[in-house]
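Only one structure is covered here, and it is reproduced in the block below.
The values are calculated or read from the model by the stated rules, or taken from the named source; none is laboratory data. The structure displayed is predicted, hence computed values, not measured ones. Note that each Cβ is placed from the backbone with ideal geometry, even for glycine, and that neighbours are counted across all protein chains shown. Quick note on the areas: whole protein, heavy atoms, side chains included, nothing else; ligands and nucleic acids left out. Shrake-Rupley method; radii C 1.70, N 1.55, O 1.52, S 1.80 Å.
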Amino acid sequence: MKEKLTDALYGAGWTAVKRLPEPVAHALGRGIADLTWRRRGKGVLRLEANLARVVPDATPERLAELSRAGMRSYLRYWMESFRLPAWSRQRIRDGFEVKDIHLLEEALAAGNGVILALPHMGNYDLAGAWVTTKLGVPFTTVAERLKPETLYDRFVAYREGLGMEVLPHTGGAAFGALARRLRAGGLVCLVADRDLSASGIEVSFFGDTARMPAGPAMLSVQTGAPLLPVTLWYDESAVMRGQVHPRIEVPEDGTRTEKAKAMTQRMADAFAEGIAEHPEHWHMLQRLWLADLEPRPDTTARRSDSSGTERP
């Protein structure tokens with residue numbers, strides 16, 4: 001019953017919110033964000049705890065301000081996502097501005113495929129729609145299988161409608177398909193600041209140990225495709241902002257695993273740079289650092305996380 005209700009609520013959001021005038025949808029999202037923030041649920045408390053690591057010298061009052069702004073940013077993502085299927089191509093083109101886009105364009109022109117790695121910042125669906133619409137470049141991504149299955153199907157259909165190819169997050173099978181896309185000169189985009197597999201790599205992140213996916217770096221090592229981190233944020237305008245960070249080079253020495261570890265650390269460093277500049281637009285409402293996970297002896301249990309609702 002809970003799964004059916006969840007699916008029905010998402011369906012209602014896509015049906016109703018996309019028909020609202022943009023100022024009304026924006027105000028609705030802000031109202032829901034403020035109400036959620038005042039209730040101080042698990043997701044809000046986890047967001048605030050995560051932000052305390054990002055801004056370690058913040059006072060309690062400052063953390064409260066950041067978490068409130070963070071919830072408003074998070075709900076802006078949802079309101080935009082519900083409305084994106086109704087946006088015109090010109091609205092999508094005008095809805096995103098990105099610094100150093102030449103780094104992506106030059107990498108694509110080289111013909112060796114490109115891997116973009118992003119944290120949970122801003123609205124990566126909008127960024128993806130901009131890539132397919134403004135740059136005219138299709139790309140492949142992966143999505144975690146959600147429950148109920150009908151909800152997963154909704155998200156796949158939604159993203160495919162924006163011009164993306166979506167593969168299920170199924171470990172080796174997804175990795176092989178992504179490698180084939182890259183070898184054919186394609187673009188792969190992966191959200192990569194929280195590990196959802198058994199093969200994550202431990203990194204130093206804001207002074208403590210976290211685990212991030214090995215996939216982006218391993219794909220780069222195996223295929224030779226350049227790995228470019230990207231960070232996203234909002235300002236007070238209707239336009240989302242972004243930054244393409246410099247390529248993470250494959251180390252010359254070491255095993256594949258050692259190379260992937262070094263590259264994943266550099267990816268984490270690039271994420272940290274963007275998150276530190278715009279902490280309120282990092283939508284991490286789940287446990288991330290190993291010290292915050294439940295202290296159980298088995299790694300599967302340590303990876304479990306039930307605090308808040310993850311953005312698909």
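Some observations on this one:
- Within the stretch 54-70, the presence of a residue that is touching a Gly at 6+ places or on another chain (Cβ under 8 Å), open to solvent by less than 70 Å² (accessible area, probe 1.4 Å) and not hydroxyl-bearing (Ser, Thr, Tyr) is excluded.
- Top-ranked residue in the stretch 132-155 [being under 17 Å from Pro213 (Cβ atoms) and assigned to a loop (DSSP other than H, G, I, E, B); ranked as modelled with the lowest pLDDT]: Arg145
- Pairs where the first residue, in the stretch 168-179, is over 15 Å from Val191 (Cα atoms) and the second is at pLDDT 90 or above and open to solvent by less than 10 Å² (accessible area, probe 1.4 Å), C-beta under 8 Å, 6+ apart: Ala177/Thr140; Ala179/Leu219
- Tabulated pairs, the stretch 234-248, first among the basic types (Lys, Arg), second crowded, with 19+ Cβ neighbours inside 10 Å, C-beta under 6 angstrom, 6+ apart or interchain: Arg241/Trp233; Arg247/Pro226; Arg247/Leu228
- Selection of the stretch 77-105 for residues being touching a strand residue (DSSP E or B) at 6+ places or on another chain (Cβ under 7 Å) and of a type in the set (Gly, Ala, Ser) yields only Gly95.
- Taking the criterion of being in contact with a strand residue (DSSP E or B) (Cβ under 6 Å, 6 or more places away or on another chain) and either modelled with pLDDT under 95 or of a type in the set (Phe, Trp, Tyr) (or both), the only residue of the stretch 106-125 that qualifies is Tyr124.
- Of all residues assigned to the stretch 157-174, none qualifies as being modelled with pLDDT of 95 or more and open to solvent by 60 Å² or more (accessible area, probe 1.4 Å).
- For the stretch 35-43, the criterion of being closer than 30 Å to Gln222 by Cα and part of a loop (DSSP other than H, G, I, E, B) is met by no residue.
- Selection of the stretch 34-52 for residues being more than 19 Å from the chain's Cα centre (by Cα) and buried (at least 19 other Cβ atoms within 10 Å of the Cβ) yields only Trp37.
- Residues in the stretch 82-94 include none that are part of a strand (DSSP E or B) and in contact (Cβ under 8 Å) with a residue 60 or more places away in the chain.
- Options Glu22, Glu61, Glu106; residue that is without any contact (Cβ under 8 Å) to a residue 40 or more places away in the chain, under 23 Å from Tyr124 (Cβ atoms), out of contact with any Asp or Glu (no Cβ under 8 Å at 6 or more places or on another chain) and not aliphatic (A, V, I, L, M): Glu106
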